[in-house]
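The values are calculated or read from the model by the stated rules, or taken from the named source; none is laboratory data. Computed from a prediction, not measured in an experiment: that's the story for all the values here. Counting neighbours? That spans all protein chains shown, and the Cβs are built from the backbone with ideal geometry, glycine included. In case anyone asks, the SASA skips ligands and DNA or RNA and just uses the protein heavy atoms, side chains included. Shrake-Rupley method; radii C 1.70, N 1.55, O 1.52, S 1.80 Å.
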Amino acid sequence: MRAAKLISAGKIEIEETEKPVIMHPDEVLVEVKAVGICGTDLHIFRGERDDVELPRVMGHELSGIVRETGAQVTRVKTGDRVVLDPVFACGECKTCKCGHVNVCSSVKCYGVQMDGGFQDYIVVEESHLYPFGEDVSFEAAALAEPFSIAANIVARTGIMPEDKVVVMGSGTIGLCIVQAIKGIGAEVLVSDVVDSKLSRAKEAGADDTVYSRVHSLEDAVEGFAPGGADVVIDAVGIAALTEQMPDLAAPAGRLAVIGFDGEPAGIPPVKITKKELTIVGSRMNCRRFPKVMEWLREGKINEELMISRKYPVEEIQRAFEETLADGQDTVKTLILF
Ligand SMILES: [Zn+2]
Ligand SMILES: [Zn+2]
């Protein structure tokens, strides 16, 4: 079978390797059909992640078909169309036992610290697989993982239909969050410093947008939600935006932080105290795939808007290079098998 391996920064080679075999009774052999390229994959490709050992088969946003099952597998059967929840935790520690598997101190992700989806077959534990019907394409299903990030943020901030939500950033995750919020029925304002990305936010269902390079975000929020927003989400993940969040929130507002920025965000404690703000972090997803499978079934995920580029696996090197070169104009690139 083919396995696309990152050999060194910027260089992926397709190697002929042995098809993996089921070693434990709870494992499943999946034939990969579609895999999304994530921002994480692009960082790894550029050699910007020192926690990733090479060679590595990247790719954690995958859909496929079950081809074989171990003796104790009950969740899926041969022939099922499935997506993978790539979050892999120890299952033994206090954090895992309390249900917070995505923040387990030894958490790993398929395609990052262990081999992932850019190969013809992968063996995974059945607990990571979620089946979907014939009416959902493999391509749409490959979007499940980025939407699980949105599902986690929506759950962490407890968004309700009556909420007014500000989403900073109209990139891939921002667009997923907007669709998730509109699915709930809340109102959403999206800001971005790239004007062209805001038209996509509108297409995703945003009630209002603001081009924050030119216009004041604070003024736009005051017009959208006088007195402040109920929920503010930084979908870019940089300290400079985290810093702005308390000023945009209403009293008793909730703020979601998803960035991995190591820079300090200077927030005077008084800004949190006076409004009794709640600040939550949100990392990958904590078993949110059942919610995402619901969205896929109900057609709440706009596949045309999200998928910008598709390449056969043979052209994966070109797919990475062109996605990087394209910058702001690509939402999601898919690799097809
Ligand atoms: Zn991803
Ligand atoms: Zn654990």
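Out of (1) surrounded by fewer than 20 Cβ atoms within 10 Å (Cβ to Cβ); (2) more than 16 Å from ligand 2 (Cβ to nearest atom); (3) within 18 Å of the chain's Cα centre (by Cα), what's the single condition that is false for Met160?
For Met160, the failing item is (3).
Among the residues of the stretch 109-133, which ones are in a loop (DSSP other than H, G, I, E, B) and within 16 Å of ligand 1 (Cβ to nearest atom)?
Of everything in the stretch 109-133, those that are in a loop (DSSP other than H, G, I, E, B) and within 16 Å of ligand 1 (Cβ to nearest atom) turn out to be Gly111, Val112, Gln113, Asp115, Gly116, Gly117, Phe118.
Could we say that Ser106 is within 16 Å of ligand 1 (Cβ to nearest atom), among the polar types (S, T, N, Q), within 21 Å of the chain's Cα centre (by Cα) and farther than 26 Å from Glu18 by Cβ here?
On the way: within 16 Å of ligand 1 (Cβ to nearest atom): no; among the polar types (S, T, N, Q): yes; within 21 Å of the chain's Cα centre (by Cα): yes; farther than 26 Å from Glu18 by Cβ: yes.
Spelling it out, it is not the case that Ser106 is within 16 Å of ligand 1 (Cβ to nearest atom), among the polar types (S, T, N, Q), within 21 Å of the chain's Cα centre (by Cα) and farther than 26 Å from Glu18 by Cβ.
Report whether or not Thr95 is assigned to a helix (DSSP H, G or I), modelled with pLDDT of 95 or more and either more than 16 Å from ligand 2 (Cβ to nearest atom) or not aromatic (Phe, Trp, Tyr) (or both). So that I can check it myself, show each step before the final result.
Working: assigned to a helix (DSSP H, G or I): yes; modelled with pLDDT of 95 or more: yes; either more than 16 Å from ligand 2 (Cβ to nearest atom) or not aromatic (Phe, Trp, Tyr) (or both): yes.
Judged against the criteria, Thr95 is a match.
Can we say Glu48 is free of Cβ contacts under 8 Å to residues at least 24 places away in the same chain and within 16 Å of ligand 1 (Cβ to nearest atom)? Break it down into steps so the answer makes sense when it comes.
Working: free of Cβ contacts under 8 Å to residues at least 24 places away in the same chain: yes; within 16 Å of ligand 1 (Cβ to nearest atom): yes.
Here the answer is yes, as Glu48 does meet what is asked.
Please find, among Gly227, Gly299, Gly237, the residue that is in a loop (DSSP other than H, G, I, E, B), more than 21 Å from the chain's Cα centre (by Cα) and at positive phi.
Gly227
Can you pull out every residue in the stretch 81-103 that is away from ligand 1 (no atom under 16 Å from the Cβ), open to solvent by 20 Å² or more (accessible area, probe 1.4 Å) and of a type in the set (A, V, I, L, M, F, W, C)?
Ala89, Cys90, Cys93, Cys98, Val103, listed by residue number.
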